[in-house]
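The values are calculated or read from the model by the stated rules, or taken from the named source; none is laboratory data. Since this is a predicted model, take the numbers as computed values, not measurements. We place every Cβ from the backbone using ideal geometry, glycine too, and count neighbours over all the protein chains shown.
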Amino acid sequence: MASTQQLKSRIRSVKSTKQITKAMQMVAASKMRRAQDSTKGSAPYARAANELLTYFASLGETDEHPLFVTRKVKSRLLIVVAADKGLAGAYNTNVVKQYLNALRDDDHKHVTNHTIAVGRKAAQFVTRLKATQVVGIYEDMSDRPEGQQFHAILNAAIGMYERQEVDAVDVVFTKFISSITQTAETVRLLPAGFTKTEVSSDVSEAKFEPSIKEVLDATTYRLVGSRLYQTLLDARASEHSMRMLAMKNATDNANDLVDDLTLEMNKARQGAITQELSEITAGVESMK
């Protein structure tokens, strides 16, 4: 059994760790709420964008549009979205597993593979692989990924597809369902309209002016961008949710460990007191 001094030292160490995990839990909870508001706020727009893309693809007037052209997939671009930091439970691991499944699928079908890594953890992983060609790395994305970095990713994906360097563009990310449930998924970004969804009457009965072709030319880039944007928001909300849960579990485990160590220390102290009393009693008996 450890001495009371050793147990006191361990208790202080665990309490110090608990303060850190508690602070990280509170920070993650604050970021999670903002990220959830962002992803829930943009979700209706992303659904409407997917409806429009599905509807446009069904009209038969997109055959010549470069972002709607469907080709036999001989080369694919994967945009894999992970975190810049760890301590988020299984968040990064789940994304990596989903990404590896996509690579195995490409290898089985003899499809060449290209990768854009979003997040430092994704970059660290993909740069060690020989099964893919890394065409871009983006780190330190904000919780609302706008501006230069976002458009650089979108333009790179669209450019490679238009130049026929790849025949499909997929995003590997973590879909946010709730604060407790998040799932790693792969969704197709290009060709546009590939991922079918139910089209509401508001879309199917709409009239497009001045013509569908001009509407396509003016909106397709933005509609495709909205789908990518939503995946990035979902990924960030999932990351903060899983980090908050991981830090909460760590804090709870620290509390349990402190209780166990305190009990063990009390037992050790009681044993020491009992031993001292026994020695005193034995000494008194020997003096009689």
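If the condition is being within 18 Å of Met24 (Cβ to Cβ) and surrounded by fewer than 19 Cβ atoms within 10 Å (Cβ to Cβ), then region 82-118 contributes Asp84, Lys85, Gly86, Leu87, Ala90.
For Arg10, the criteria (1) of a type outside the set (Val, Ile, Thr); (2) surrounded by 18 or more Cβ atoms within 10 Å (Cβ to Cβ); (3) in contact with a Leu (Cβ under 8 Å, 6 or more places away or on another chain) hold in every case but one, which is (2).
Are any residues in region 121-176 within 20 Å of Gly86 (Cα to Cα), among the hydrophobic types (A, V, I, L, M, F, W, C) and crowded, with 17+ Cβ neighbours inside 10 Å, and if so, which ones? Selection gives Ala122, Ala123, Phe125, Val126, Met141, Val172, Phe173, Phe176.
Taking into account only those residues within region 71-102 that are in a helix (DSSP H, G or I) and hydroxyl-bearing (Ser, Thr, Tyr), which is farthest from Thr115 (Cα to Cα)? Ranking the qualifying residues of region 71-102, first place goes to Tyr91.
When residues in region 163-193 are screened for being charged (D, E, K, R) and out of contact with any strand residue (DSSP E or B) (no Cβ under 9 Å at 6 or more places or on another chain), 1 of them pass. Residue under question is Leu53, and the condition is that it be of a type outside the set (Gly, Ala, Ser), part of a helix (DSSP H, G or I), surrounded by 15 or more Cβ atoms within 10 Å (Cβ to Cβ) and modelled with pLDDT under 90; does it hold? It is true that Leu53 is of a type outside the set (Gly, Ala, Ser), part of a helix (DSSP H, G or I), surrounded by 15 or more Cβ atoms within 10 Å (Cβ to Cβ) and modelled with pLDDT under 90. When Gln133 is tested against the conditions (1) in contact with a His (Cβ under 7 Å, 6 or more places away or on another chain); (2) closer than 30 Å to Thr17 by Cα, the lone failure is (2).
Summed over region 242-272, residues that are over 18 Å from Ile11 (Cα atoms) and at pLDDT below 70 total 2.
Looking at Glu64 and the list (1) surrounded by fewer than 22 Cβ atoms within 10 Å (Cβ to Cβ); (2) in contact (Cβ under 8 Å) with a residue 12 or more places away in the chain; (3) more than 19 Å from Phe173 (Cα to Cα); (4) not aliphatic (A, V, I, L, M), which single condition is not satisfied? That leaves (2) as the condition not met. Here is a list of conditions, (1) surrounded by 19 or more Cβ atoms within 10 Å (Cβ to Cβ); (2) closer than 30 Å to Thr4 by Cα, and Val258 meets all of them except one; can you say which number that is? Failed condition: (1).
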